[in-house]
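Reading through the structure tokens given below for one structure.
The values are calculated or read from the model by the stated rules, or taken from the named source; none is laboratory data. Predicted model, so just to flag it, every value in this text is computed and none were measured. Methodologically, a virtual Cβ is constructed for each residue, glycine included, from the backbone with ideal geometry; neighbour enumeration extends over all protein chains shown.
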Amino acid sequence: MFMTSRTLSIPRQGGFTLLEVLIAIIILSLGLLGLAKLQTVGLAANNIAYQRSQASILAYEGVDMVYADREHGQNGCYNIALGADKPSKDDGCAHSPSGTLVSDWRLRIQDALGETAEGSISVTQTGLDRIIRVRVEWPRWTEGEGWGAPGEPFSVEVTSGI
């Protein structure tokens, strides 16, 4: 009888070691954390862009109010400073809808950009040119401070001629 010798061979490893799996999980976790941070930064930038768009629309709306009522606009019936409750000129503006229009416009600014947001309208004359300046201002937002963070507020200003 012939005897065959069998050699015991250790089978080749076919899977991953526990250490390789742990390293892969750590790398995947870091990538997912980076994506989550990218998402939050993108949302904040998108929010600021939305606010700037709303402020631009509202600023042009202020210019359109003065255009629609040029006679009273040229007389200063729509002039209102930041922080003021009503237009600065009362005389000669009795038949103008400026008081109501400006109040409604300021409410729309606060609805779109927050309770502390403000708008100003200024119609000035330089020589023969009448210039409309409309400014919409709203508070700064930061991740750590929230609304009303220190620093200059955001603003949009539109200048046009009548």
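Just checking, which of Gly62, Gly119, Gly76, Gly99 is on the phi > 0 side of the Ramachandran plot and either surrounded by fewer than 19 Cβ atoms within 10 Å (Cβ to Cβ) or not charged (D, E, K, R) (or both)?
Residue meeting the stated conditions: Gly76.
Quick test for you: out of Glu152, Glu143, pick the one residue that is out of contact with any helix residue (DSSP H, G or I) (no Cβ under 9 Å at 6 or more places or on another chain), modelled with pLDDT under 85 and over 18 Å from Tyr67 (Cβ atoms).
Glu152
Does Ala112 qualify as being within 30 Å of Val158 (Cα to Cα), among the aliphatic types (A, V, I, L, M) and modelled with pLDDT of 85 or more?
Against the criterion (within 30 Å of Val158 (Cα to Cα), among the aliphatic types (A, V, I, L, M) and modelled with pLDDT of 85 or more), Ala112 qualifies.
On the given criteria, is Leu32 modelled with pLDDT under 90 and more than 23 Å from Ala117 (Cα to Cα)?
So Leu32 does not fit the description; no.
Looking at Gly92, Gly119, Gly83, can you tell me which residue is closer than 15 Å to Ser155 by Cα and at pLDDT below 85?
Unique residue meeting the criteria: Gly83.
Can you name every residue in the stretch 79-96 that is crowded, with 20+ Cβ neighbours inside 10 Å and of a type in the set (A, V, I, L, M, F, W, C)?
Ile80
Looking at (1) free of Cβ contacts under 8 Å to residues at least 60 places away in the same chain; (2) farther than 21 Å from Arg52 by Cα; (3) among the charged types (D, E, K, R), can you tell me which one Arg133 breaks?
(2)
I need a count of the residues in the stretch 103-127 that are assigned to a helix (DSSP H, G or I) and in contact with a Gly (Cβ under 8 Å, 6 or more places away or on another chain).
3
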